[in-house]
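See structure below.
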Amino acid sequence: MNRKYLFATVLLSLCLASAALASAPTGAIFTTVEDGSEVNFNHYAAKTDVYLDGGPGPGAPQTAAGLDDGRYVFQVTDPSGKVLLSTDAAKNRRFDVKNGIIIAVVTGAGITQHKTGVDIDHGAITVQLMPYLDTPNNGGVYKAWVTKEADFLAGCQLLGKSNGLDIVDAGYKGGNCHGFVTSDSKTDNFKVKAKAIVEIDSRFKDSTTGLPIDGPGITWYDTLGCSNQKHAYYAPELKINHEAHVEATEVGTHLIVVDNGPGYTINKIRCPDGTIIWGPGVVKVPIKSDAKDLTVIIDIVLDVTP
């Protein structure tokens, strides 16, 4: 067996085993502006512009799963997860999901409500991430996190905090970032007032026609092991050309998991270094600098089934 294929197969098995053991929610989260519109390269002019949305995600097919119903907590950190940038108590940073989309922020006595908007696509609620501090990251990268409230409280308990909702910061211990356990969390990166654009784009093509295919997706594992789903679509006004895009990536090694899906099987994956993985696999993508423009391309050939 090809050694590189074997390595990719082992990585895939590890990723899928980790996902099976973790309780990370289904669907995707993504940053947006107040009305749910997508922003070029997740690159914002001001911190107040950034809102959180959740569901199937941009470009996802109608059959794609949204977030699991329930109550969630969110936070903003630097890309490493070590520095908590959110400045209000966790009880203020909660929202409820029903039928796969955000329907409301949590309100009540002693809670300072975050500003909200309405998503123009699904009528979902969007939640402003402010207040949060400036990132210490030289590339201007921020990381937005979401986890289920029950998992957040359990994560705080592991850090010795029994009142996680009433405090701002429960602390940090590798793999547990302020109560957000990486394997239980979804993340999305964004930039504010930064110039460099660093992204990973996965493109899908039909093995018979060679034409691009929109709808198939990948699972992105960031440098901490948190995951999110991205789907290929076409939005030329946003410079998205039939691709599943991961924006504002931080320095370190990211994993892109490519697997079979409804109506197609993976024929081959051309990795950024030119190597080929036959069938499903995991692509390791090292990002060495966030100080200059960089687009990493992964080309994926599909066998479409009737």
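In the chain, helices alone account for a calculated mean residue ellipticity at 222 nm of -3000 deg cm²/dmol, with every DSSP H run of four or more residues adding -39,500 (n - 2.57). Check the straight Cα-Cα distances from Lys173 and name the lysines below 29 Å, setting aside those fewer than 8 residues away within the same chain. Straight-distance partners of Lys173: Lys47, Lys82, Lys91, Lys143, Lys148, Lys161, Lys186, Lys191, Lys230, Lys284, Lys288. Shown for Cys177, Cys226: other C-beta atoms within 10 Å of each C-beta, ranked fewest to most, produce the order Cys226, Cys177. Of the options (i) 59, 51, 37; (ii) 65, 37, 34; (iii) 60, 38, 38, only one is Cα extents along the principal axes in Å as computed from these coordinates, and that is (iii). Helix 149-158 and the longest principal axis of the C-alpha atoms of the chain enclose an angle of approximately 80°.
Placing unit charges on C-beta atoms (Lys and Arg positive, Asp and Glu negative, everything else neutral), compute the dipole magnitude of the range 22-192 about its Cα centre in debye, rounded to 20. Spell out each step's value before the answer.
Numbers: 14 positive and 19 negative charges, 97 e Å.
Charge dipole, the range 22-192, about its Cα centre: 460 debye, nearest 20.
Using the 10 angstrom Cβ neighbour count as an exposure proxy, how do Leu211, Leu302 rank, fewest first?
Working: Leu211 9, Leu302 21.
By the 10 Å Cβ count, ascending, the order reads Leu211, Leu302.
The residues packed around Thr26, meaning those with a beta-carbon under 13 Å from its beta-carbon, carry a net charge of -1 if Lys and Arg are +1 and Asp and Glu are -1. Compared with the dominant principal axis of the Cα atoms in the chain, helix 3-21 is inclined by about 30°.
Taken about its Cα centre, the chain carries a charge dipole of about 780 debye when Lys and Arg each add +1 at the Cβ and Asp and Glu each add -1 at the Cβ. Using alpha carbons only, how many angstrom separate the centre of the range 191-207 from the centre of the range 245-282? Spelled out, the Cα-based centre of one part sits 13 Å from the other.
Backbone amide hydrogens, once placed in the peptide plane, bring His242 within less than 5 Å of Tyr233, Tyr234, Ala235, excluding anything fewer than 5 places away on its chain.
For the range 294-306, putting each phi into the Karplus relation 6.51 cos²θ - 1.76 cosθ + 1.60 with θ = phi - 60° gives couplings of 7, 10, 9, 9, 10, 9, 10, 9, 10, 9, 7, 9, x Hz, in residue order, rounded to whole numbers and with x for Gly and Pro.
Any read-out appearing in this document is the output of simple, stated calculations on the displayed coordinates, not a laboratory observation. Computed from a predicted structure; not experimentally measured. Glycine gets a Cβ as well: all are built from the backbone with ideal geometry, and neighbour counts include every protein chain shown.
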